[in-house]
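Notes follow the structure.
The values are calculated or read from the model by the stated rules, or taken from the named source; none is laboratory data. All figures in this text were calculated on a predicted structure; none of them were measured in a lab. Cβ placement follows ideal geometry from the backbone for every residue including glycine, while neighbour counts extend to all protein chains displayed.
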């Protein structure tokens, strides 16, 4: 009789202990989720106007790529890039979608970056760049990519350059393989795809 009672009590204690542990784990998980939400909101509040533009650009580019929407991505590019490619822009975008092997199932944070490229005493900021970097992009075929979107918020005398200029997509699997084979100084075209290009020298 006592042995049965002890067994029942032991089982009850173990069950209660497991249930309590499960509740504690769930509570910890929720606390971590709330911490992340608060941190993300605080991070957004601390962004400059340019930083918010960069983040929004990254979100829009990522959505267009996830949906494989050629028109949506084409509409994001500034007039400078549209003029550079002309009728070839949309086929280039389709080639980019074909370059990404598989459907995107997850991605890391969108990290905005801004920097003043050129200034004068008379005009202040003359060229102001911004970019959004999206890392840890994973497809359903277990391929990993990094996306970098770049452009300008200010470009004196060249409004056609203000906006989204350049899109760079790097295949991390190909990049690692090339480095494993000691192909360090390799042509980026072997592990990446690019549409548009920031001018190497300031336009006058």
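See the values below:
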{"item": "Criterion violated by residue 82 - all others in (1) assigned to a helix (DSSP H, G or I); (2) surrounded by fewer than 19 Cβ atoms within 10 Å (Cβ to Cβ); (3) in contact (Cβ under 8 Å) with a residue 12 or more places away in the chain satisfied", "result": "(3)"}
{"item": "Leading residue by the ranking (farthest from the chain's Cα centre (by Cα)) among those in region 121-161 that are under 24 Å from residue 77 (Cβ atoms) and not in a strand (DSSP E or B)", "result": "157"}
{"item": "So residue 118, is it assigned to a loop (DSSP other than H, G, I, E, B) and on the phi < 0 side of the Ramachandran plot", "result": "no"}
{"item": "Verdict on residue 99 being touching a residue at least 60 places away in the same chain (Cβ under 8 Å), loosely packed, with under 13 Cβ neighbours inside 10 Å and more than 11 Å from the chain's Cα centre (by Cα)", "result": "yes"}
{"item": "Output for region 129-159, where each listed residue is farther than 30 Å from residue 98 by Cβ and touching a helix residue (DSSP H, G or I) at 6+ places or on another chain (Cβ under 7 Å)", "result": "153, 155"}
{"item": "Selection count, region 163-182, where residues are assigned to a helix (DSSP H, G or I) and on the phi > 0 side of the Ramachandran plot", "result": "0"}
{"item": "Selected residue (criterion: surrounded by the most Cβ atoms within 10 Å (Cβ to Cβ)) from residues of region 165-174 that are touching a helix residue (DSSP H, G or I) at 6+ places or on another chain (Cβ under 9 Å) and closer than 21 Å to residue 107 by Cα", "result": "167"}
{"item": "The listed residue being more than 25 Å from residue 55 (Cβ to Cβ), assigned by TED's automatic domain parsing to the domain that holds residue 56 and either crowded, with 19+ Cβ neighbours inside 10 Å or at pLDDT 95 or above (or both), out of 136, 157, 87, 123", "result": "87"}
{"item": "Test result for residue 111, in a strand (DSSP E or B), under 26 Å from residue 143 (Cα atoms) and touching a strand residue (DSSP E or B) at 6+ places or on another chain (Cβ under 9 Å)", "result": "yes"}
{"item": "Answer residue from region 183-204, given it is assigned to a strand (DSSP E or B) and free of Cβ contacts under 8 Å to residues at least 40 places away in the same chain and is farthest from residue 79 (Cα to Cα) among those", "result": "192"}
